[in-house]
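So the structure is just underneath, and the comments pick up after that.
The values are calculated or read from the model by the stated rules, or taken from the named source; none is laboratory data. Keep in mind that this is a model prediction, so the values were computed, not measured. When we count neighbours, we look across all protein chains shown, and the Cβ atoms used for this are built from the backbone with ideal geometry, even at glycine.
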Amino acid sequence: MSNRIELLKEQVAALPLLPGVYKFLDRDGKIIYVGKAKSLRKRVSSYFVQSKEHSAKVRVLVKNIYAIEHIVVGSEQDALLLENSLIKANQPRYNILLKDDKTYPWIIMRKEPFPRVESTRQLRHDGSLYFGPYGSISMQRSVLEFIREVIPLRTCKLNLSQQAIARGKYGVCLQYHLGNCKGPCVGAQSEEDYASLTEMVKNILRGDLRPVKHYLEENMQLAADELRFEAAQRFKQRLEALENYQSRSVIVSAKIVDCDIFSLLEDDDVAYCNFIRLRHGSIVALHTVRLTTGVDSTREDLLSAAIQYIVENISKDLSREVIVPFMPSSALLFDKVVFTIPKRGEKADLLEFSLKSARIYRAEQMKNLEIKNPERHTERLMAAMQRELHLDHQPRHIECFDNSNLQGTNPVASCVVFRDGKPSRKEYRHFNVKTVVGPDDFASMREIVFRRYSRLIEEGAELPDLIIVDGGKGQLSSAYEVLCALGIEHRVPIVGLAKRIEEVFYPNDPMPYYLSRQGEPLKVICHIRDEAHRFGITFHRQKRSNAFIKSELEHIDGIGTKSLNALLKRFKTVANVRVASVEELAEVVGLARARNIVDYFNFKDN
């Protein structure tokens with residue numbers, strides 16, 4: 001190991017102080033990482049300096065480097081271009097990789113005589129026109145249905161070459177008689193007339209409905225003038241379909257006409273980039289790609305890689321204006337494009353809508369993973385919890401404590417248990433606070449934590465991987481004192497949750513640590529906190545209710561503790577005791593006490 005590192009350091013020392021691209025190779029000579037640098041020697045040497053700032057991925061990368069190659073170029077921009085092409089050609093393991101694992105539906109206008117307009121999921125370089133992609137098959141179908149309702153195009157698969165039509169081998173079908181096709185198969189429609197219809201279809205798919213509206217209005221008026229009222233009615237129905245489609249389409253603003261929007265959502269070792277295309281104020285395409293973050297990559301690099309991928313594989317080009325949350329690292333690669341970073345207004349709203357779409361896509365991906373591979377989902381979630389909370393091992397077993405009282409009365413506490421990120425309700429525990437008088441949450445927390453873990457230690461039971469205390473620094477300090485007294489403060493990590501749920505406190509640290517609002521660990525912690533609240537408040541309400549019943553019934557002659565408990569078990573509430581008959585009460589406390597209860601409530605009511 002040391003010999004390998006020494007040999008690599010010798011190679012690094014010989015690198016020039018010039019811009020270029022460097023390649024790391026593994027034991028088998030395979031390229032595992034490609035990077036660019038303003039100064040090759042300075043950049044590459046940083047990988048071999050012992051530093052706590054290096055991520056786990058960088059440390060693993062360095063362990064797998066067995067050779068270094070480099071290419072010197074004339075400028076940083078040349079290095080950027082070369083890096084981009086080398087990554088695409090070699091797909092190195094530790095670089096940013098795009099995983100677009102969902103084939104989205106497209107609408108294709110086929111390159112053929114009298115082109116058909118159909119659905120497809122396959123993109124081929126066959127000269128056909130592709131429009132999309134569409135976020136869902138239902139969205140794509142609604143667009144196709146609208147086109148077929150408004151524009152009379154053929155749907156058959158016949159070969160409509162001039163020779164075939166001239167031979168007269170075809171006959172018209174039902175769609176011709178219904179008015180949904182003009183009969184190009186029998187020469188009833190010229191290619192020029194058909195081309196004018198397909199041009200309107202292109203406008204519709206690009207988001208511009210004005211030409212087709214003008215066409216329908218003009219033909220409706222012409223048919224009416226010629227007293228062809230059935231034809232005029234058909235054009236009127238198509239106009240109504242157009243207006244209905246307009247009302248259902250996503251109209252953003254007349255001010256924002258044509259632009260592309262990109263948002264980026266980062267989540268541990270993956271990221272999601274959402275792309276929205278706006279044409280004539282309407283959303284005409286929406287797509288999300290998933291990226292692995294790679295080694296030493298910044299959010300600017302991730303956004304740049306995603307934009308390049310979408311341009312080359314989906315959109316084919318970019319609008320003159322592109323709305324982004326921040327400037328991509330390789331903005332120079334996109335000629336004649338203006339990048340806009342909005343802070344407020346309609347463009348900022350568009351960016352937020354794009355980010356929301358990325359969140360929905362991520363949620364779908366996580367749900368699919370949980371269903372298809374629950375073990376992998378749990379492993380990924382627990383690893384994220386470990387990283388986010390800076391733990392030495394995964395928190396497979398979590399316990400959370402919460403106090404509950406009303407102005408010091410009926411103080412109780414709850415302990416909820418989560419295993420692998422899910423509630424284990426059979427292990428939940430309630431506690432009656434016994435040694436604390438008055439509203440003292442700190443003392444209550446000390447008592448409950450001591451009772452819980454002194455018993456587990458005595459029984460030799462499993463201790464949790466993480467303790468969560470619902471409260472700020474005071475509750476955390478109280479619980480941590482108990483762990484120190486029991487000698488388990490180094491065995492079980494503990495954190496405190498402040499009122500702002502994203503704030504987490506650690507023992508002996510006065511400053512809070514802020515959890516990522518976008519990550520799954522925060523969602524799990526919120527769930528644990530809410531479950532502790534619910535469980536504790538339910539018990540507290542039950543105890544208050546029981547206390548009220550007892551205080552009310554204690555005034556009745558002959559009703560002692562045993563009778564109170566029997567009445568409480570049978571009737572649950574004072575209201576039920578009040579309306580019970582003498583016979584029903586006698587079954588529980590005897591005839592004499594039953595009569596006393598009835599007389600007491602009769603006297604009280606009068």
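List the pairs whose first member sits in the stretch 412-426 and is assigned by TED's automatic domain parsing to the domain that holds Ile448 and among the charged types (D, E, K, R), whose second member is surrounded by fewer than 23 Cβ atoms within 10 Å (Cβ to Cβ) and assigned to a loop (DSSP other than H, G, I, E, B), and whose Cβ atoms are under 7 Å apart, counting only residues at least 6 apart or on separate chains?
Arg419/Arg396; Asp420/Arg396
Return the total of residues in the stretch 448-506 being among the charged types (D, E, K, R) and outside any loop (DSSP other than H, G, I, E, B).
9
If I ask for residues that are assigned to a loop (DSSP other than H, G, I, E, B), in contact with a helix residue (DSSP H, G or I) (Cβ under 8 Å, 6 or more places away or on another chain) and modelled with pLDDT of 85 or more, which ones from the stretch 110-138 would you list?
Within the stretch 110-138, Pro113, Phe114, Pro115 qualify.
Which numbered condition trips up Leu303, out of (1) under 26 Å from Arg93 (Cβ atoms); (2) assigned to a helix (DSSP H, G or I); (3) at pLDDT below 85; (4) hydrophobic (A, V, I, L, M, F, W, C)?
(3)
From (1) modelled with pLDDT under 80; (2) more than 23 Å from Ser329 (Cβ to Cβ), pick out the condition that doesn't hold for His54.
Single failed check for His54: (2).
Could you run through the stretch 2-17 and say how many residues are out of contact with any Phe, Trp or Tyr (no Cβ under 8 Å at 6 or more places or on another chain) and either in a helix (DSSP H, G or I) or among the polar types (S, T, N, Q) (or both)?
7
Residues to consider are Glu346, Glu321, Glu352, Glu364; find the one that is within 30 Å of Val524 (Cα to Cα), in contact with a Ser or Thr (Cβ under 9 Å, 6 or more places away or on another chain) and of a type in the set (Asp, Glu).
Sole residue among the options that is within 30 Å of Val524 (Cα to Cα), in contact with a Ser or Thr (Cβ under 9 Å, 6 or more places away or on another chain) and of a type in the set (Asp, Glu): Glu352.
Here's a check for you: in the stretch 163-205, which residue that is basic (Lys, Arg) and surrounded by 12 or more Cβ atoms within 10 Å (Cβ to Cβ) is nearest to the chain's Cα centre (by Cα)?
Lys202
Does Val322 satisfy the condition of being surrounded by fewer than 16 Cβ atoms within 10 Å (Cβ to Cβ), more than 24 Å from Arg43 (Cα to Cα) and either assigned by TED's automatic domain parsing to the domain that holds Tyr47 or hydrophobic (A, V, I, L, M, F, W, C) (or both)?
no
With Arg359, Arg376 as the choices, which residue is touching a Leu at 6+ places or on another chain (Cβ under 9 Å), free of Cβ contacts under 8 Å to residues at least 40 places away in the same chain and not assigned by TED's automatic domain parsing to the domain that holds Phe442?
Matching residue, one of Arg359, Arg376: Arg376.
Can you find a residue that is touching an Asp or Glu at 6+ places or on another chain (Cβ under 9 Å) and hydrophobic (A, V, I, L, M, F, W, C) anywhere in the stretch 357-369?
Yes; the residues of the stretch 357-369 include at least one that is touching an Asp or Glu at 6+ places or on another chain (Cβ under 9 Å) and hydrophobic (A, V, I, L, M, F, W, C).
Looking at the stretch 155-240, what helices (runs of 4 or more DSSP H) fall wholly within it and have at least 1 residues that are touching a Gly at 6+ places or on another chain (Cβ under 9 Å) and either assigned by TED's automatic domain parsing to the domain that holds Phe131 or closer than 23 Å to Glu145 by Cβ (or both)?
Fully inside the stretch 155-240 and qualifying: 162-166, 174-177, 191-205.
Can you find, within the stretch 291-310, the residue that is surrounded by the most Cβ atoms within 10 Å (Cβ to Cβ) among those that are in contact with a Ser or Thr (Cβ under 9 Å, 6 or more places away or on another chain) and more than 22 Å from Val322 (Cα to Cα)?
Ranking the candidates gives Val295 first.
May I ask you to list the residues in the stretch 445-482 that are of a type in the set (A, V, I, L, M) and surrounded by 21 or more Cβ atoms within 10 Å (Cβ to Cβ)?
Met445, Ile448, Val449, Leu466, Ile467, Ile468, Val469, Leu476, Ala479, Val482
Give the residues of the stretch 309-331 that are at pLDDT below 85, in contact with a helix residue (DSSP H, G or I) (Cβ under 8 Å, 6 or more places away or on another chain) and under 23 Å from Arg93 (Cα atoms), sorted by residue number.
If the condition is that a residue be at pLDDT below 85, in contact with a helix residue (DSSP H, G or I) (Cβ under 8 Å, 6 or more places away or on another chain) and under 23 Å from Arg93 (Cα atoms), then Ser329, Ser330 are the ones that fit.
Does Lys473 fit the bill of being at pLDDT 70 or above, outside the structural domain of Lys426 (by TED's automatic domain parsing) and not hydroxyl-bearing (Ser, Thr, Tyr)?
No.
Can you tell me which residue among Tyr33, Tyr47 is under 36 Å from the mean Cα position of the chain (by Cα) and in a strand (DSSP E or B)?
Exactly one of Tyr33, Tyr47 is under 36 Å from the mean Cα position of the chain (by Cα) and in a strand (DSSP E or B), namely Tyr33.
Among all residue pairs at least 6 apart or on different chains, which show Cβ distances below 6 Å where the first residue, located in the stretch 1-28, is crowded, with 17+ Cβ neighbours inside 10 Å and the second is basic (Lys, Arg)?
Pairs found: Leu15/Arg41; Pro19/Lys38; Val21/Lys36.
What's the number of the only condition in (1) free of Cβ contacts under 8 Å to residues at least 40 places away in the same chain; (2) in a helix (DSSP H, G or I); (3) charged (D, E, K, R) that Lys343 fails to meet?
(2)
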